[in-house]
1. Over the stretch 211-333, with every protein chain in place, what whole percent of the accessible area is carbon and sulfur at 1.4 Å, could you tell me?
2. For the stretch 294-369, what does the accessible surface come to per residue with a 1.4 Å probe? Please give it in Å².
3. Under the classification rounded if a/c is under 1.5, otherwise prolate if a/b is larger than b/c and oblate if not, where does the stretch 102-224 fall, given a ≥ b ≥ c as square roots of the Cα gyration tensor eigenvalues?
4. Taking the convex hull of the Cα atoms, report for the stretch 430-537 its projected area averaged over all directions, in nm².
5. Please list, in order along the stretch 112-124, the HN-Hα scalar couplings obtained from phi with the Karplus expression 6.51 cos²θ - 1.76 cosθ + 1.60 (θ = phi - 60°), rounded to whole Hz, x for Gly and Pro.
6. Using packing as a proxy for protection, rank 522-535, 266-279 so that the peptide with the highest average count of other Cβ atoms within 10 Å comes first.
7. Between the alpha-carbon centers of the stretch 389-447 and the stretch 139-166, tell me the distance in whole angstrom.
8. On average, how much area does the Cα convex hull of the stretch 427-477 cover when viewed from any direction, in nm²?
Amino acid sequence: MQFKISGAAKFVPRGPWSVSRATSRGSRPVARTLLVLLACLVWTGTVASTASHTFRSDSDRLPRSASLARNDIQPPVMSLRGAQRRSNLLRLAAGLPNRGTTADDRPRLLVLTDIGGDPDDQQSLARLMLYANEFEIEGLLASASGTPGELKTRVVQTPLIREIVEAYGQVRDNLALHADGYPTTQYLLDRVKTGNPNRGVGFIGAGHDTEASRWIVAVVDRPDPRPVDITIWGGQTDLAQALWRVREERGRDGLAQFIARIRVHDIADQDGIAEWIRAQFPGLFYVLNMAPAGRDKREAAFRGMYLGGDESLTSRAWIDTHVRTGHGPLGALYPPKTWTAPNPHSALKEGDTPSWFYFLPLGLSDPDHPDWGSWGGRFSLARDRLYRDAGDRVGDVTDARATVWRWRPAFQADFQARMDWCLKPVAQANHPPTPVLNGDRTRNVLEYEIKAGEALRLSAAGSFDPDGDRLSFRWFIYPEAGSYGHAVPIDNPIAATVSLTVPADAADKTIHLVLEVTDNGAPPLTRYRRAVVHARK
């Protein structure tokens with residue numbers, strides 16, 4: 001199915017990363033550049049010739065003759081971020097289908113891990129290897145092992161990272177049969193770096209540069225319009241050292257430019273220096289995934305990886321069946337025992353996995369908006385680009401952990417399927433569906449401006465499954481993610497096409513509508529799309 005834009009879309013870039021990349025790189029053929037230029041001319045001409053069918057400045061809907069799909073399905077006020085989204089607009093204008101997500105759109109990921117203490121870091125890293133195609137992994141950095149006081153000696157256990165990467169290498173070729181983009185083993189090994197065995201403010205400053213801290217600076221400095229997403233599974237000392245070095249050599253202005261290229265997701269402030277980092281290096285985008293001071297530390301959002309919800313999906317029986325046994329050398333390295341109390345299983349923990357789940361592109365979220373929620377949890381703005389745990393109500397439970405465990409059936413099924421990819425041929429494994437929202441096949445969040453009291457129709461028509469599996473649909477309101485904060489009735493929320501009427505009292509507020517598309521494969525896999533409705537008077 002092909003679509004065209006017969007009016008001028010209102011372009012609403014959001015966040016610091018809505019900067020266009022060059023449309024031509026050395027590795028791209030000249031023909032592609034000419035195609036994009038031609039598309040620009042076609043788009044401009046189309047806009048000029050259809051002035052009566054444009055989005056007006058007040059964002060009224062397109063008339064029936066200009067809609068992108070049947071049944072008066074209306075196109076979004078497109079909140080498009082980055083070069084791929086702009087490229088898709090141009091391709092649509094030229095009558096070409098969207099290309100979808102490409103390698104250039106993968107998040108850039110840096111991992112700092114205290115691997116060598118609690119084995120849950122090894123668990124998280126083994127799972128991450130299965131998703132190595134979804135990221136451009138820029139570094140796997142070993143920081144001081146364990147939590148403060150956990151180990152008798154101060155040590156960095158880089159070999160444990162290499163062991164897991166090498167196990168990945170033994171199944172990488174089979175993984176690559178199932179999805180594009182899996183990096184070579186050597187590529188990942190080249191990005192394994194060693195950090196500081198010591199931790200804290202006393203080990204930051206002159207004479208404390210490490211291989212890891214220098215690598216952080218080099219990665220962030222690499223010319224690329226995408227942000228560098230830094231996940232901290234252990235301590236932050238090597239990141240703090242990198243920031244200190246940049247400030248020392250480039251001054252405050254240079255530091256500000258450096259910081260503007262970073263997003264951080266920190267699990268539990270393990271080195272106890274998060275507030276110091278925030279004070280020393282202001283303006284840093286920082287998600288602090290941690291229980292509030294004075295509360296049980298097990299209330300943190302990341303603990304929803306193994307606490308709350310259906311905990312049978314974290315059991316030893318589950319990981320033995322779907323991960324450790326009969327799934328090759330990577331699964332065999334998955335540690336079977338951790339500390340998970342009050343979860344009785346003492347098996348799957350992966351407390352650090354939500355940090356990279358947060359950046360995983362599934363169509364569910366936008367990392368620039370921690371308050372929107374994702375597999376990695378949901379967070380609210382505390383102050384100046386610092387985000388702290390928020391709570392979701394799921395059934396009769398309201399807490400921060402629910403922002404993660406609510407997705408556990410989906411992310412564990414996904415884990416199971418990708419472990420199958422390690423050894424099984426393509427025909428014997430399941431692969432996730434591709435949801436299509438109002439004709440848009442990307443993973444972008446679509447945004448609409450609708451007058452309060454009017455109806456919005458949305459369609460999943462065109463959604464498909466690569467294995468030919470039957471698809472089911474579920475549309476739901478995510479109240480906590482929007483400023484309206486209440487449920488809104490959806491007519492027949494399991495249909496492919498739905499309608500909702502924007503409540504009269506929702507003017508000047510937002511409503512988040514999520515589409516789940518699930519196949520009937522073994523195991524069933526789910527992908528998402530999100531529509532953000534901006535209600536106006």
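The values are calculated or read from the model by the stated rules, or taken from the named source; none is laboratory data. Only a predicted model underlies this, so the values are computations on that prediction, with no experimental measurement involved. Positions of Cβ are backbone-derived with ideal geometry, glycine not excepted, and every protein chain shown enters the neighbour counts. We work out accessible area using only protein heavy atoms, side chains counted, and drop any ligands, DNA or RNA first. Shrake-Rupley method; radii C 1.70, N 1.55, O 1.52, S 1.80 Å.
1. Details: 2290 of 4500 Å².
Result for the stretch 211-333: 51 percent of the exposed heavy-atom area is carbon or sulfur.
2. Result: 35 Å² per residue.
3. Details: a/c = 2.61, a/b = 1.47, b/c = 1.78.
Note, shape of the stretch 102-224 comes out oblate.
4. Values: hull surface 25.1 nm².
If you wrap the Cα atoms of the stretch 430-537 in a convex hull and average its projections, you get 6.3 nm².
5. Karplus values, whole Hz, x for Gly and Pro: 10, 10, 8, 3, x, x, 3, x, 5, 5, 5, 4, 5.
6. Values: 522-535: 21.7, 266-279: 19.5.
So the order, starting with the most tightly packed, is 522-535, 266-279.
7. Cα centres, the stretch 389-447 to the stretch 139-166: 29 Å.
8. On the way: hull surface 18.6 nm².
Over all viewing directions, the stretch 427-477 projects a mean Cα-hull area of 4.6 nm².
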